[in-house]
Amino acid sequence: MTGDANAPDADEYAGLGDWTPEALAVPGEVRTVVAAPHPVLSRAGGEVDPTSAETVRLAADLIATMRVSPGCVGLAAPQVGVGAQVFAVDVTGHPKAVTVHGTFVLCNARVVEATRWKPGREGCMSVPDLTGDVKRASRLVVEGLLPGTGAPVRLVTDGFEARALQHEIDHCAGLLFLDRVAGAHAVYQRKVYL
């Protein structure tokens with residue numbers, strides 16, 4: 001995370017608590033989603049101050065953009081052209097989702113535990129014409145900070161939500177799902193784009 005003396009200890013992390021997008025207290029604006037090979041998608045994003053007005057606005061914009069994008073279950077800052085470690089996720093209502101934490105945004109997130117690796121098909125708004133088979137952990141523990149308050153969060157999740165979190169964390173690290181496929185044989189033309 002930040003690596004400084006003010007960084008939270010593992011014992012200080014909690015779940016999302018009563019955090020909701022409304023806690024951001026700013027309306028989000030829909031941003032344009034960039035597509036590969038845009039250079040921001042292949043660069044690691046920088047850590048952010050989760051309490052800054054700029055980060056709070058970005059968090060609200062990610063949620064707004066995600067909500068107007070059919071089929072979208074996650075969106076990271078690099079996908080809207082911002083090289084920052086911020087992403088939104090919401091797998092609510094997705095047929096493959098078992099564990100669901102609702103709509104949330106994390107800053108400076110990192111995977112602290114990943115187990116039960118399984119392959120699965122992934123798509124991405126920034127790679128609109130392709131899907132691919134990617135092996136990901138189906139049980140995941142992630143730590144990050146909430147935008148607005150900067151409160152430390154530790155999420156334990158599984159299945160589809162775990163896959164979505166790993167996909168967005170990869171975006172923040174400058175990786176696309178295409179960087180994770182086993183080879184060309186695991187990449188497919190998208191048949192339908194929602």
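Helix-only estimate, please: 222 nm mean residue ellipticity of the chain, summing -39500 (n - 2.57) across DSSP H runs of length 4 or more and dividing by its residues, to the nearest 500.
-5000 deg cm²/dmol
The modelled label-to-label distance between Thr149 and Lys118, using points 7 Å beyond Cα along the C-beta direction, is 3.2 nm. Against the longest alpha carbon principal axis of the chain, how many degrees, from 0 to 90 and to the nearest 10, is the axis of helix 159-172 turned? Helix 159-172 sits at roughly 80 degrees to that axis.
Averaged per residue, what accessible surface does the chain expose to a 1.4 Å probe, in Å²?
Numbers: 9280 Å² over 194 residues.
Ligands and nucleic acids excluded, the figure is 48 Å² per residue.
The portion of the accessible surface of region 111-194 made up by carbon and sulfur, rounded to a whole percent, is 55 (1.4 Å probe; DNA, RNA and ligands excluded). Taking the 1.4 Å solvent-accessible surface of region 25-79 as the whole, the part contributed by carbon and sulfur is 56%. Against the chain, whose longest principal axis is taken from its Cα atoms, helix 53-67 shows a tilt of about 40°.
The values are calculated or read from the model by the stated rules, or taken from the named source; none is laboratory data. What you see is a predicted model; the values in this text were computed from it and never measured. Note: ideal-geometry Cβ built from the backbone for every residue, glycine included; neighbour counts use all protein chains shown. Note: areas computed on protein heavy atoms with side chains; ligands, DNA, RNA excluded. Shrake-Rupley method; radii C 1.70, N 1.55, O 1.52, S 1.80 Å.
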